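A quick write-up on the structure given underneath.
Please treat every number below as a calculation from the coordinates, not as lab data. All values derive from a computational prediction rather than experimental measurement. Neighbour counts run over all protein chains shown; Cβ positions are idealised from the backbone, glycine included.
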DNA sequence: AAGTGGTCTAGACCACGCC
DNA sequence: GCGTGGTCTAGACCACTTC
């Protein structure tokens, strides 16, 4: 039992995701929630604001908070979610295959991306993702070797994020994603079932730890017909 | 001068964007900020949390808040920003051209998307966007006619968002974006300089008002080589 | 007038980093 | 031990919606 506001948040997030709370349902008022959870109003509000920010509810001044239906049938790929978490959500049969795992010296471009010196070794992990019987995603990960001393086939085929957060005590804090569309490389053609598609969707991911050091750079290359990115955004100000 | 916490937020957001506050600079402590702005600590924290959520700063327990360099040279397309705001940011010469503006009866698919009956008329606005001399974006907007009574060529070539927020008293609250890659239609080929590219990036946008009614559906179709989507995401929990 | 959410305050205790 | 951010409280006033 950790945070009070996270408890309230997760409580409602679960009930909304499961459909137990229907779309357009009115939540209890903030005053009522303070009594239900034995919390102060600001604590309740912190939970409700998180729910609103993540697309679960809409708060309307003078009326109350209402369950939204936007996120219901979509899985937002925005936010930081590992492939394993994602695969679990969509419930499709999926598989990760390790292509190669080695320590390499970064070329200048990569050293630049990771903000390290050219002689500082990095892990290079190449993996393919098979979903519904088709191999459609190629993931290339580069991690700072000084921050991740050990890496095995088993870890790579399970979830690197999980390993980092559970085993090591590194916490991932934020990431910058860049989505572009490019021509497939011979490597893409070789490792993926491209089915003649002449382009590939590239999702670059810069992953940072809590102290804001960049420690991982990932390129996730998707066959275009299977690519789908969903984002929920609020207009502030 | 409206909100106290928004004042603090904008103050730092501007100073960070302008480069007046350098990357890795330490912000004043929360305690110091309460005195600088004559605000309580929770108010200061609300501003700092907004800055952190939007990628401006990183808060580190026990040490302080530090300026991040992630958002500096990128313009995040995540969040809700109109094309006009976007064009202003990147500073490139750009132009919007109205292709057609009419009232149509929605087909079933569109009526479904907008959650309206099939006999309820909607605005159909088709526009092309020219950036750096090339026409590379095709925007198709559908708006509920009951919510937007008037729409002119001038408004469409300026900014529909701006018109809605300033002239009408409608406030845009949130949106759901879906990015996919498809084959170009004859219309794409006709209106855009496709240069032989065999695919097109489609950004679907469902835009909601503050009372959570869906009032606009937009399809933004981008030539793949010029498409770029940047997203900043924090890992919560 | 009563109920709702939005903002703000002045305190409190805690966990963490640093010296 | 001191300064830092993270959580939480019990109140206050305001603007808005509903009746």
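So which residue, out of B:22, B:127, B:221, gets the largest mean-square fluctuation from a GNM of chain B using Cα contacts under 10 Å as springs?
B:22
Any idea what angle helix A:4-17 forms with the longest principal axis of chain A, computed on alpha-carbon atoms, 0 to 90 degrees, nearest 10?
80 degrees
Return the whole-Å distance between the Cα centroid of segment A:142-156 and the Cα centroid of segment A:165-237.
18 Å
Could you give the alpha-carbon Rg of chain A over 2.2 N^0.38 Å, rounded to two decimals?
On the way: Rg = 20.9 Å, N = 237, 2.2 N^0.38 = 17.6 Å.
Output field value: 1.19.
Just to verify a number: FRET efficiency for residue B:219 and residue B:157, C-beta to C-beta distance, R0 = 22 Å, to 0.05? Please report the intermediate quantities before stating the final value.
Values: r = 18 Å, r/R0 = 0.84.
Calculated value: 0.75.
Go ahead and set up a Gaussian network model of chain B, Cα springs under 10 Å, then flag whichever of B:117, B:97, B:144 fluctuates most.
B:117
What average count of beta carbons from other chains do you get within 10 Å of the Cβ of residues in B:199-208?
Taking the mean over all residues of the peptide, I get 3.
Could you calculate the contour length gain from residue B:119 to residue B:60, that is, 0.36 nm times the residue separation minus the distance between their Cα atoms, to one decimal place in nm?
15.7 nm
Go ahead and estimate [θ] at 222 nm for the protein assembly as shown from helices alone: -39,500 (n - 2.57) per DSSP H run with n ≥ 4, summed, over the residue count, rounded to 500.
On the way: 16 runs with 136 residues, N = 474.
When only DSSP H runs of four or more count, the value is -8000 deg cm²/dmol.
Looking only at A:203, A:122, A:23, which one moves most when chain A is put into a Gaussian network model with springs between Cα atoms under 10 Å?
Sorting by GNM fluctuation, first place goes to A:23.
Mind pulling up the Rg/Rh value for segment B:4-67? Radius of gyration and Kirkwood radius, both on Cα. Each step should come with its number before you reach the end.
Details: Rg = 10.6 Å, Rh = 11.5 Å.
Rg divided by Rh gives 0.92.
Tell me the distances, shortest first, between residue A:153 and the same position across the other copies, using label points 7 Å along Cα→Cβ, in nm to one decimal.
6.8
Convex hull over the alpha-carbon atoms of segment B:170-237: what's its volume per residue in Å³?
Roughly 134 Å³ of hull volume per residue.
How high is the relative contact order of chain B, given as a whole-number percent (alpha carbon pairs under 8 Å, six or more residues apart)?
Normalised by residue count, the contact order of chain B is 16 percent.
If I model a spin label as a point 7 Å beyond the Cα along the Cα-Cβ vector, how far apart are those points for residue B:2 and residue A:107 in nm?
In this crude spin-label approximation the distance works out to 4.9 nm.
Report the far tail of the P(r) of segment B:115-237, meaning the percent of Cα-Cα pairs longer than 19 Å. Don't skip to the answer; put the middle values down first.
Working: 4143 of 7503 pairs.
Result: 55 percent of Cα pairs exceed 19 Å.
How far apart, in nanometres, would the label points at residue A:195 and residue B:171 be if each is projected 7 angstrom from Cα along the Cα-to-Cβ direction?
Modelled inter-label distance: 4.5 nm.
For segment A:1-41, state the average projected area of the convex hull of the C-alpha atoms over all orientations, rounded to one decimal in nm².
Values: hull surface 12.4 nm².
Its average projected convex-hull area is 3.1 nm².
Can you give me the convex hull volume of the Cα atoms of the protein assembly as shown, divided per residue and expressed in Å³?
Value for the protein assembly as shown: 178 Å³ per residue.
Can you list the distances in nanometres, one decimal and ascending, from the residue B:187 label point to the identical position in each other copy, with the point 7 Å along Cα to Cβ?
Going from nearest to farthest copy, the values are 3.9 nm.
Can you give the average number of partner chain beta-carbon atoms within 10 Å of each beta-carbon in peptide A:225-232, as a whole number?
6
What are the nm distances, shortest first, from residue A:117 to its equivalents in the other copies, labels at 7 Å along Cα→Cβ?
Result, one decimal in nm: 7.4.
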